[in-house]
Amino acid sequence: MFDPNLITAANYLRVIATVIMRGLVLAKNDQTFFQTETRGSYTRTGAKDVIGLTLYEYQQLVRYLHLARTDKRPSSDSVEHDKCYYLRPIIKLLQRAFSRWFVPGKNNGVDEAGVPSRSKFLRCFNKDKPHKYYIELLMGCDSVSRFCWYFFVNESAQKVILNSNRRREERRGRRARRKFIKVNHYQPEFNGAERELQDKIGVTTAQMVHFARKLRETAEDDVSVEDGGIIYRVFVDRRWDSLAGIVEARRKHAVSYTATVMSTHRFHVIESSKKKNTSGLKDFVKKSKLRTKRGKYRAATTTVGSNDEEVTLVELLWNDSSLVGCVSADLGSEQHMVDRRMGRWKVPIACPKMMHVRDKHFRAVDQHDQIRLSKWGFQFLCKKKAWLKLFFALIEVLLVNIYIVALQGNRGLAQDDFRWALVLQLVAKAKELEEEDEIAERTRSSRRRADSTPSTDHSHSRFCGGLQHHHHDTIHEYVSAEQAEINQAIVDRNPGHRKSKKLTWRDRDRGRKNGKVRNPMYTSLSNCLVCKFVHNKVQQTARYCRECSWQSRWPKVIRAKGYQLRLHPRLCSRQCFEYFHTYRIPDLDNPPSTRRKRQRRPRNARSRREATESTTPSSRVRGRTTRRRLDVDARTPEV
């Protein structure tokens, strides 16, 4: 049975710490990962001892990890349909956080990153990728720091819905009789203008304009686009070689795209060896590895639009052991020299400035793929829920961004050390949250106490402070040497309740390797007061409340710092601790010594007889009195 009390923020922090630790520890399965195992002289500590979660608790928390309500998800034929509905809260949270944490520079890169998955949920296929089946993330990163300032999950441009045509079976053709059909689908992040571009031109143009708009919103500049504002550059590959997208991004948001273009592209104006030479050039660019041919390039300029909406595009075709085409709305084709290896020597060859700048700033997104240590561990998380695998992939994007920020202050920081430190910090944060919840629960329980009018009398002062001002501590037999000296000084200053003396060092304590010594304040176990006076049972414990005393007069505050432990109430559990500060205990609050004493019975027989006749006798006295009266009546003669 699943325990609902497991669903807390602290436990889910431990789940994230478990996922990070799984990428750092070599374990063949979850069971081996959670348990501590010894291999010769090497001992590997399991995740249970480091994080504080058992294997069962971890599996249940991952199983019931939900970010959105499933009953409110829009249907597939709805306009508000979202394929990433289950992950939309975490996606929006990270998008807002990244834009607040970092301001992108002038040069940026946009590319795709894949999460390995064979599930049908948002699955893409590319035979050239290391993982042919994957879920695609489109990311925009700064070219200098490699920080991802914006991303979204590619949901594709089509969705499958149920064919609502009632007479579809009567139609001719196999496609017309299909039960499910494909219709257009828009990214939830797109606005109206970008959706219109998707319908008219294509989804690539809409994505380019969308990234240009987000870059302009995230960047901080006071110069408007109409006044010739700051031009930001975005470097992409041949996937985003839409000239319409380059023109729209430059015209609307003053963002210049630089993309590689295939030589066979229909918009390319430069001729290659594969095309028919119609321009009359004798030495046009062709693919060749010869020294005389390598480094040759041709450039052309194209103007799109008119008047104020004029955009100038520079295209070029360059031979660098293979034909490379490129187009830009900002960079030119000035000659620049680069070194290339030819056999045993490095030879400088001619290179256009556009290609040199692009090679320098494009590989920003690849940094995220290279420093994701836990990407192989996504397979063990959940084999059925693909969105859960994508959730932990988003957490990985967050971790990489945090690591990039941490590198700014510490250039020599290793990623393994960073992730181990992050695991320990998450565990410490989880413990801190649990302590805060415990204090809040104490406050709530103190308000719900049975006696709604606490007494201000000193004899009942344990109700005045409430649970939030009381502490449930344990007397430890062994403490550190520094703490032992402090405790011994307290014992020497307060010799009122027992003889002050130092505890002798025992032979069995000499073999302790943790450096701890015996506590001078340590006392033997005592009975729990709640168990003794309420439940009528004996429960020995070393736990106590250090702000209370069980004597007849209750002081408001006792801060003997552990010395007068004989005066503190021993309480064995949290339930007894709350009961002790919530309810009044008659035998404890009103001990027999403070109760009204009964009147002493008279000693002579006459006084006893009068007291017996005037008061209600007990069963024993009533029996003796009845027998005496019968005997007297038997001796009296009849008249």
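Please treat every number below as a calculation from the coordinates, not as lab data. What you are looking at is a predicted structure, and each value in this text was computed from that prediction instead of being measured. Please note: Cβ atoms are built from the backbone with ideal geometry, for glycine as well, and neighbour counts cover all protein chains shown.
Distance between the C-alpha centres of region 309-376 and region 100-163: 22 Å, rounded to the whole angstrom.
Can you give the Rg/Rh ratio of region 1-125, where Rg is from the C-alpha atoms and Rh is the Kirkwood radius?
Working: Rg = 19.3 Å, Rh = 18.4 Å.
Using Cα coordinates only, the ratio equals 1.05.
Label reach from Tyr522 (point 7 Å along Cα→C-beta): in region 469-493, amide nitrogens under 18 Å belong to 473-492. Count Lys and Arg as plus one, Asp and Glu as minus one, and take only other residues whose Cβ is under 13 Å from that of Val405; the net charge is then +2. Computed from the Cβ-Cβ distance with R0 of 60 Å, the FRET efficiency linking Trp420 to Arg493 stands at 0.85. With both labels modelled 7 Å from their Cα along Cα-to-Cβ, the Ile371 to Arg88 distance reads 3.3 nm.
In this calculation the C-beta distance from Val538 to Lys72 is compared with R0 = 60 Å, giving a FRET efficiency of 0.60.
Can you give me the C-alpha center-to-center distance between region 392-421 and region 1-56, rounded to a whole angstrom? What the calculation gives is 21 Å, centre to centre.
Here region 395-446 is described by how far its Cα atoms reach on the three principal axes: 50, 18, 17 Å, from widest to narrowest. With the cut-off at 19 Å, tell me which of the pairs Lys159/Lys179; Lys385/Lys429; Lys200/Lys252; Lys83/Lys252 have Cα atoms farther apart than that. From the list (Lys159/Lys179; Lys385/Lys429; Lys200/Lys252; Lys83/Lys252), the Cα-Cα distance tops 19 Å for Lys385/Lys429; Lys83/Lys252.
Given their separation in residues at 0.36 nm each and the Cα-Cα distance between them, Lys182 and Asn163 gain 5.9 nm when the chain is fully extended. Exposure proxy for Ile91, Ile486: other Cβ atoms within 10 Å of each Cβ, ordered fewest to most, give Ile486, Ile91.
Go ahead and run the numbers for FRET between Asp199 and Arg363, Cβ-Cβ distance against an R0 of 35 Å, rounding to 0.05.
On the way: r = 33 Å, r/R0 = 0.95.
Given R0 = 35 Å and the Cβ-Cβ separation, E is 0.60.
Order these by the 10 Å Cβ neighbour count, fewest first: Arg518, Arg239.
Details: Arg518 19, Arg239 14.
Least crowded to most crowded, the residues run Arg239, Arg518.
How far apart, in nanometres, would the label points at Asp3 and Met337 be if each is projected 7 angstrom from Cα along the Cα-to-Cβ direction? The modelled label-to-label distance comes out at 7.3 nm.
My understanding is that a pair violates if its Cα-Cα distance is over 24 Å; which of Lys28/Lys92; Lys72/Lys120; Lys129/Lys182 do that in this structure?
Working: Lys28/Lys92 34 Å; Lys72/Lys120 22 Å; Lys129/Lys182 26 Å.
Going by Cα-Cα distance, Lys28/Lys92; Lys129/Lys182 fall outside the 24 Å limit.
Karplus-based coupling profile of region 306-319, in residue order and whole Hz: 8, 6, 6, 9, 6, 10, 9, 10, 10, 10, 8, 9, 10, 9, with θ = phi - 60° in 6.51 cos²θ - 1.76 cosθ + 1.60 and x standing for Gly or Pro.
Charge tally for Arg14 (other residues, Cβ to Cβ under 13 Å; Lys, Arg +1; Asp, Glu -1): 0. Footprinting exposure proxy ranking of Cys326, Cys84, fewest other C-beta atoms within 10 angstrom first, gives Cys84, Cys326. Distance between the 7 Å Cα→Cβ label points at Tyr64 and Tyr478: 3.9 nm.
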